[in-house]
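Notes for the one structure printed next.
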Amino acid sequence: MTKIGKNIKSNRTKLGITQEELAEKINVTRQAVSNWENGKTEPDIETLTKIAQIFDISIDELVDGIPKGITELRGKKTHLYIGIVFGLFYVISSLLMIILANPINEYYGRTYNAVISGFCIFIWKPFTVISAGIGICALISYITGYYLNNKKLRIVFLITGILFSICTTGFFITEFLGIHVFRFLSVIHYSFVRLYVFLCEHPIFHVFGPVLIFFGLAKK
C-alpha cells in the first residue's frame, strides 16, 4: 500500500463512507478506489483534488500525510539566526540572573528599594522567558520546516500559552498575592500548592507558555 493509498483509506474510514460511495462522488468505479488503496495504481492530480475536497483536507495532507493547518516553510535561515540570537540571549540573561540574585536581594534587604526588584520581576525575567520562547519556536520552525497556518488552531495555542505563562511564571499570581497566601487557604489542597511552587521555581516550565504563544502568533 502506497502512502497515498493509505491516506485515502484512512480519511475515507474517518469520514465513514464506503469505497462505493467515494467512487460515486468522484465519478470513478469502486475498483479504481480499491486499486488506489491497495497501491496498485494512483489517482491523477485532478482526481486527487476532488478527493481532497471531499475529505476537507489539503492535497499535501492527502499525498504526504501533513496535518491540515501545517504549511511547509523549509530552508528559512532567518529562523536559524533568530533561534541562535534569542537562545544566546536567554542563556546569558539567565546566568546573569543567577549571579546577581544574591546581590540584588541583599540590596533590597538594606534599602527596601523595590525598583531593581520590580525591574527584575516584571521586565527582565519576563523578557528573558519570552526570548527563550522565540528562540525555541524559531529553531523548531527551522529544523522541522513547519508553522501553524490554521487561524483557529493559532488562537487555541495563543490562549493556552497565555494561561500557561500566567500560571507557571507566577508574574501575576505569585508576585501580587504571594505564594504564602495559598498556603493558608484551606480550600486549596497542599499538594496543589506544592505543584504550583514547583512550576514557579523551575525556569524550564516557564518556557512552555511563550512557545505556545509564539506558535500562535507565527504565520507566513
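The values are calculated or read from the model by the stated rules, or taken from the named source; none is laboratory data. All values derive from a computational prediction rather than experimental measurement. Here the Cβ is made from the backbone with ideal geometry for all residues, glycine too, and neighbour counts use every protein chain on show.
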> What number of residues within the stretch 147-158 satisfy the criterion of being at pLDDT below 80 and touching a Phe, Trp or Tyr at 6+ places or on another chain (Cβ under 9 Å)?
Replying inline: 2
>> Six or more apart or on different chains, Cβ atoms under 8 Å: show the pairs whose first residue is in the stretch 44-65 and over 14 Å from ALA32 (Cβ atoms) and whose second is assigned to a helix (DSSP H, G or I) and among the polar types (S, T, N, Q).
In response: PHE55/ASN11; ILE57/ASN11; ILE59/THR49; GLU61/ASN7; LEU62/ASN7; LEU62/ASN11; VAL63/ASN7; GLY65/ASN7
>> Restricting to the stretch 107-128, count the residues that are in contact with a Phe, Trp or Tyr (Cβ under 8 Å, 6 or more places away or on another chain) and either polar (S, T, N, Q) or touching a residue at least 60 places away in the same chain (Cβ under 8 Å) (or both).
In response: 3
> Within the stretch 1-33, which residues are surrounded by 16 or more Cβ atoms within 10 Å (Cβ to Cβ), in contact (Cβ under 8 Å) with a residue 12 or more places away in the chain and not β-branched (Val, Ile, Thr)?
Replying inline: GLY5, ASN7, LYS9, ASN11, ARG12, GLN19, LEU22
> What number of residues within the stretch 94-146 are under 24 Å from PHE208 (Cα atoms), at pLDDT 80 or above and of a type in the set (Ser, Thr, Tyr)?
Replying inline: 3
